[in-house]
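Trainee: Quick one: the structure is below, questions incoming.
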Amino acid sequence: MKKCFNGTNEAFYTKVEENLDKEQKMFIVTANPETFMRAHQDKEIEKMLMDDQTTIIPDGVGVIKGAQYAGIKMQENVTGVDLAKKLLEYANEKKKSIYLFGASREVSEQMEEMLKRDYPNAILAGRQDGYVEDKKKAMQEVAKTKPDVVLVALGAPIQEMLIYENLEAFEKGILVGVGGVCKERYRSIQYARRQCQCGKGIGNQRYAPCLP
């Protein structure tokens, strides 16, 4: 927990934006209490978290409270949902490229549609659903496209370990696991569809699959 980013949201996003502008590589782990519990039980996960190449952000009030109990000061919660949204906004604003890796084929297609609709200036470097058999080889192929942002939706800790084990193949890019975000957003769009089928309106709100 001591390695968690302990600044403000604004300071963290400034750091992310600077790395994006300078084409620096940045591997971000959105850590909740379960992440640290797994690290105690699995040496490989612990190694990943403790690596200098890994940036950990506290995703959840539970992490903040746990840190306070341990006498570690943390200023703010930095959620994976907000991070994903910021990365998409930055990519759209700066015309950066994004690679979408993971989730089901249906969700992957919806992610692409959402990206083109809501972030038209962002460049889609490619996408691959999570059902590819050789994921390591797939990640090596992702690296060859030299994307500015890589969003991996395979669920924790698989997505983080896959990124970490293939990190050296990437010359640049902000790499982050977003499996939890995908699950939440997919439920939202499925709920919206059911409501529409039942003839119930949901105002003008649009539900984007997988990512904000």
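The values are calculated or read from the model by the stated rules, or taken from the named source; none is laboratory data. All figures in this text were calculated on a predicted structure; none of them were measured in a lab. Every residue, glycine as well, gets a Cβ built from its backbone with ideal geometry; the counts of neighbours run over all protein chains shown. Ligands, DNA and RNA are stripped out before the accessible areas are found, and what is left, the full protein with its side chains, is counted by its heavy atoms. Shrake-Rupley method; radii C 1.70, N 1.55, O 1.52, S 1.80 Å.
Trainee: Can you list residues whose amide H is under 5 Å from Lys25's amide H, if they're 5+ apart or on another chain and H is modeled 1.01 Å from N?
Mentor: Those qualifying (amide H under 5 Å, at least 5 residues apart or on another chain) are Gly173.
Trainee: Further question on the same structure: Long-range amide H contacts for Gln128: which residues qualify at under 5 Å (H placed 1.01 Å from N, peptide plane, sequence gap of 5 or more or a different chain)?
Mentor: Here Leu100, Phe101, Gly102 satisfy the definition.
Trainee: Determine the share of the stretch 22-165's accessible area contributed by carbon and sulfur atoms, expressed in whole percent, with a 1.4 angstrom probe.
Mentor: Its accessible area is 46 percent carbon and sulfur atoms.
Trainee: Related question: Could you give me the ³J(HN,Hα) list for the stretch 94-102, computed from phi with Karplus coefficients 6.51, -1.76, 1.60 and θ = phi - 60°, whole Hz, x at Gly and Pro?
Mentor: 3J(HN,Hα) across the stretch 94-102, in whole Hz: 9, 6, 8, 9, 10, 10, 9, 10, x.
Trainee: Now a separate question. Residue by residue through the stretch 34-46, which ³J(HN,Hα) values in whole Hz follow from phi under the Karplus form 6.51 cos²θ - 1.76 cosθ + 1.60 (θ = phi - 60°), with glycine and proline marked x?
Mentor: Those phi angles translate into 5, 4, 6, 5, 5, 4, 5, 9, 10, 5, 5, 5, 4 Hz.
Trainee: Right, next: For Val150, which sequence-distant residues (separation of 5 or more, or a different chain) have an amide H within less than 5 Å of its own amide H, given hydrogens modelled in the peptide plane?
Mentor: Correct list: Tyr99, Ile174, Leu175, Val176.
Trainee: Compute the accessible area per residue over the stretch 67-181, keeping the other protein chains in place, probe 1.4 Å, unit Å².
Mentor: Numbers: 5390 Å² over 115 residues.
Accessible area per residue, the stretch 67-181: 47 Å².
Trainee: In addition: Give me the distance between the Cα centres of the stretch 1-52 and the stretch 62-76, rounded to whole Å.
Mentor: Taking the Cα centre of the stretch 62-76 as reference, the centre of the stretch 1-52 is 15 Å away.
Trainee: Ordered by residue, what ³J(HN,Hα) values in Hz, to whole numbers, does the stretch 132-144 give under the Karplus form 6.51 cos²θ - 1.76 cosθ + 1.60, where θ = phi - 60° and Gly and Pro are x?
Mentor: Per-residue couplings from phi come out as 5, 5, 9, 6, 5, 4, 4, 5, 5, 5, 4, 4, 5 Hz.
Trainee: Near Lys2, which aspartates and glutamates are there with a Cα under 16 Å away, not counting those fewer than 8 places off in the same chain?
Mentor: Straight-distance partners of Lys2: Glu34, Glu46, Asp51, Asp52, Asp59, Glu76.
Trainee: Under a Cβ-Cβ cut-off of 12 Å, what is the net charge of the residues other than Asp51 that fall near it, where Lys and Arg count +1 and Asp and Glu count -1?
Mentor: Working: positive: Lys3, Lys47; negative: Glu44, Glu46, Asp52, Glu160, Glu165, Glu168.
Net charge around Asp51: -4.
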